[in-house]
Amino acid sequence: MTISKNVMLVNLFAFIFVTSCVPPPPLAQTHVVLTSDIIQTYHITENDLKNVQFFLDKKLVIIGDSTSLDKRMTKFHELKLYKNRIYDQVTFSKAAKGILVGTRLDGNLLQRFLKKEVLKLDITFEADTTSFLTFIPNASGGYELETLYSGKFVRYRNKQYKCLSGCSANALMVDAEFIQKLITNKRVVPGNELPY
């Protein structure tokens with residue numbers, strides 16, 4: 001049985017038409033670590049930061065515990081004392097989205113990194129804007145979670161939590177597209193064109 005050239009051409013044309021109609025895959029979203037260099041280089045203001053979408057570099061788990069004391073008198077006039085510990089674990093997934101709720105320039109963090117302005121960012125990852133985590137620049141300028149006592153404890157919900165799985169090194173990321181738009185939107189002052 002022979003297939004005519006016309007049928008083969010129609011089939012080939014149909015194949016090319018179908019494959020050319022398939023939309024290209026969407027570009028992957030690019031996140032970059034927010035650094036003090038980025039803030040200075042692109043002149044990002046506090047107002048800009050309030051509109052930035054923040055992300056977490058990796059999963060962040062913090063655990064806190066509180067103690068409650070109780071007493072009970074038995075029918076035999078024995079006083080029984082109880083000490084209960086209540087655990088509270090908070091887990092933030094990787095790439096959890098957050099917004100800025102406050103900026104601060106406080107604390108004696110090595111004299112604000114030897115007299116340079118050290119900006120602290122209070123980021124919330126919940127609908128409750130009173131619960132936030134504070135991020136500060138590390139030695140390389142990238143924003144990481146602020147911790148107490150050798151990188152072990154975090155202040156959250158007005159309580160002290162312990163970091164699990166190295167959450168203190170969790171970097172704060174931003175959408176790279178926002179940075180690009182910010183560069184594009186900056187006004188360029190026209191200069192003189194010199195001959196060469």
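Each value in this text was obtained by applying a stated rule to the coordinates, not by laboratory testing. Just so you know, these numbers come straight off a predicted model, no measurement behind them. Counting neighbours? That spans all protein chains shown, and the Cβs are built from the backbone with ideal geometry, glycine included.
Structural remarks
- Listed by Cβ neighbour count within 10 Å, with the fewest neighbours leading, 126, 144 appear as 126, 144.
- Order of 104, 72 under a 10 Å beta carbon neighbour criterion, fewest first: 72, 104
- Computed on the range 31-184, with alpha-carbon pairs under 8 angstrom and 6+ residues apart, the relative contact order is 31 percent.
- Shown for the range 31-184 is the translational diffusion coefficient from the Stokes-Einstein equation, using the Kirkwood radius over Cα pairs, a temperature of 4 °C and a viscosity of 1.567 mPa s: 75 µm²/s.
- Protection proxy ranking of 149-160, 168-179, 75-86, by the mean of other Cβ atoms within 10 Å over each peptide's residues and highest first, is 168-179, 149-160, 75-86.
- Counting other Cβ atoms within 10 Å as a rough exposure proxy, the listed residues 146, 46 run 46, 146 from fewest neighbours to most.
- Charged-residue dipole, Cβ positions (Lys, Arg, Asp, Glu), the range 31-184 about Cα centre, Debye nearest 20: 840
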